[in-house]
1. Go through region 188-218 and give me each residue that's among the polar types (S, T, N, Q) and surrounded by fewer than 21 Cβ atoms within 10 Å (Cβ to Cβ).
2. Find all pairs meeting these conditions: Cβ atoms under 7 angstrom apart; at least six residues apart or on different chains; first residue within region 192-220 and within 23 Å of Asn158 (Cβ to Cβ) and touching a residue at least 12 places away in the same chain (Cβ under 8 Å); second residue among the charged types (D, E, K, R) and in a helix (DSSP H, G or I).
3. Among the helices (runs of 4 or more DSSP H) confined wholly to region 169-233, which include 2 or more residues that are closer than 21 Å to Phe35 by Cβ?
4. Return a yes/no flag: does region 242-258 have any residue that is part of a helix (DSSP H, G or I), among the small types (Gly, Ala, Ser) and at pLDDT below 75.
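The values are calculated or read from the model by the stated rules, or taken from the named source; none is laboratory data. All values derive from a computational prediction rather than experimental measurement. Counting neighbours? That spans all protein chains shown, and the Cβs are built from the backbone with ideal geometry, glycine included.
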Amino acid sequence: MNFVAVLLSLLVGLFILLGSLISIFYKNNKKFTDFSISIAFGVIVGLIILEILPETFEVLNEEIGVIRSIASIVILILIGITMLKILDLFIPHHEHELHVHNKNSLNKNHNQHLHHIGLISSFAVIVHNIIEGMSLYLVTNSSISSGLFLFIGIGLHNIPMGLVIASTLISSNYTKSKTLKLSLIVSLSTFLGGLVMLLLGGVSNLVQGILLGLTLGMLIYISIFELMHQIYHMKDKKIPIIGIILGLLLLGISFVIELVM
């Protein structure tokens, strides 16, 4: 079972690479970027509310009780947000407010902002995927059939992650080869989580809860300060509405599959 668990943790990350390939070879980059950002926003918000937050509380509650769990989650979220904010400061050429006076400057700053989103999204998704790889390994090691269903569920919401990472980087004039390399690194992060579990034999519930809490903060930062910022400035308001609904539907399908387990 160890081999199957590690193999699934490797394959599930490739869904991110699949999303990146779709984004790279789709011609209408602007609309597709907006659409993929909207999908990712729906998926991330859904994950925060329906999966990661409840799971973090459940894991920590078993270890340290209700009151301490709530306090710890708040602190971990703040730390996760701060981590990405610090990373934000070290990424050059990033402007949230586009104080420009001509079209060229506007396009340049817009591209720099998309580049920024792609990089910090990659960082947060890597951390998130390492944890998912650990979880997938544990489930598969207990039951191969349950692991397969979880594999499908995780894979479904990994595709929009690949879409937003690649489409934002490509739109910011990142080369296709560099985008694919970064997408591959992100894809392999789930495998890293499975490999860590194989080598260490698992992690304590407390450590897993801490990692989930930090990931929660990172995803909150991305959804509110990055993706929502882009959605707010989209001219065609139909695109974000459809994208967010589709993202939530993809997430809903993955939950249904997990419930069938």
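1. Across region 188-218, the qualifying residues are Ser204, Asn205, Gln208.
2. Gly193/Glu132; Gly209/Glu63; Leu212/Glu55
3. Counting at least 2 such residues, we get 176-200, 228-232.
4. Yes: one or more hits.
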